[in-house]
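The values are calculated or read from the model by the stated rules, or taken from the named source; none is laboratory data. Here the structure is a predicted model, which means the values were calculated and not measured. Counting neighbours? That spans all protein chains shown, and the Cβs are built from the backbone with ideal geometry, glycine included.
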Amino acid sequence: MGPVLAADLPVKAPPAAATSWSGFYAGVSIGARWGDNDWRTSDVAPGLGVGIFVPTAGTGGAMDSVAARFGGYLGYNAQISTSWVAGVEANFGWADASKSANPAPGMTGLYFGAPITMLPTASVKETWDGNLRGRLGYLVTPATLVYGTGGVAWQRLELNATCTVVPGISFCTGASYNETHASTRIGWTIGGGVEQMIAGHWLVRADYSYAAFSTFTQTFFTANGMAFDDRFTAHVKARTHTATVGLAYKF
């Protein structure tokens, strides 16, 4: 009777394999990027002496923008315990974000005590961006990761200024100008998000990051090569807020 009874007992299934987050992954993302830019103007007609130009509406202003962002990312995770995941990730994207101001911030004022018209216009444009971030996350469930990130960031920034000569009344007297200057700014980024593993290989996420970059200083309208021409200097401090959703495959 012993062998018969043993054969009738149900067989216990083996325990399911634990989900592992370790490995390489690559994905695509879509979302939005907000540009938080401050434009400050200085050195208007410096060759004529301090005080010749007196700004009447402040020396600067905000040049903020927003645009859809499309990007991709790749990285590596290492599950260092049942609850913690560490990793590194490279992220890159494109957004055509721009903002214009007429006149340029800080250019409204008095020149030799008299108001001037036909002032320069300005614009700030942000295109591609990228970052390299470290990640540290906590597994609230075996398949749900809440993480924080931080690292180095890059942002492509373009500054433009235009001015048209109108005899007797315009700011620009020597020539008409349309100048664009571009620079890749380097800064830092910090952020976080939540990621869900699906079927062991697919990772769905929602991610937010804040980045701040070094000030872009550029002098415009120096074509005449003289200290008393139409030049002025722009100082643009750039910051960004980026929110995306993404889908990645873990290899």
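Just a few scattered comments:
- Among the residues of region 151-186, those identified as buried (at least 17 other Cβ atoms within 10 Å of the Cβ) and either within 30 Å of Gly87 (Cβ to Cβ) or among the basic types (Lys, Arg) (or both) are Gly151, Ala153, Trp154, Gln155, Leu157, Arg185.
- Any hit, region 128-146, residues being buried (at least 16 other Cβ atoms within 10 Å of the Cβ), out of contact with any Cys (no Cβ under 6 Å at 6 or more places or on another chain), of a type in the set (Val, Ile, Thr) and assigned to a strand (DSSP E or B): no
- When region 149-166 is limited to residues that are over 15 Å from Ala211 (Cβ atoms) and assigned to a strand (DSSP E or B), the one that is nearest to the chain's Cα centre (by Cα) turns out to be Glu158.
- Residue match in region 79-89 (condition: β-branched (Val, Ile, Thr) and within 30 Å of Cys172 (Cα to Cα)): no
- Near pairs, Cβ below 7 angstrom, 6+ apart or cross-chain, from region 49-72 (under 19 Å from Thr233 (Cα atoms)) to any residue that is surrounded by fewer than 12 Cβ atoms within 10 Å (Cβ to Cβ): Ile52/Phe112
- Filter result for Ala16 (under 27 Å from Gly134 (Cβ atoms) and either in a loop (DSSP other than H, G, I, E, B) or at pLDDT 95 or above (or both)): no
- Applying the set (1) farther than 16 Å from Val152 by Cα; (2) surrounded by 14 or more Cβ atoms within 10 Å (Cβ to Cβ); (3) touching a residue at least 40 places away in the same chain (Cβ under 8 Å); (4) not hydrophobic (A, V, I, L, M, F, W, C) to Thr189 leaves exactly one unmet item: (1).
- Looking only at residues of region 22-53 that are in contact with a Phe, Trp or Tyr (Cβ under 7 Å, 6 or more places away or on another chain) and within 21 Å of Tyr111 (Cα to Cα), we find that the one that is surrounded by the most Cβ atoms within 10 Å (Cβ to Cβ) is Thr41.
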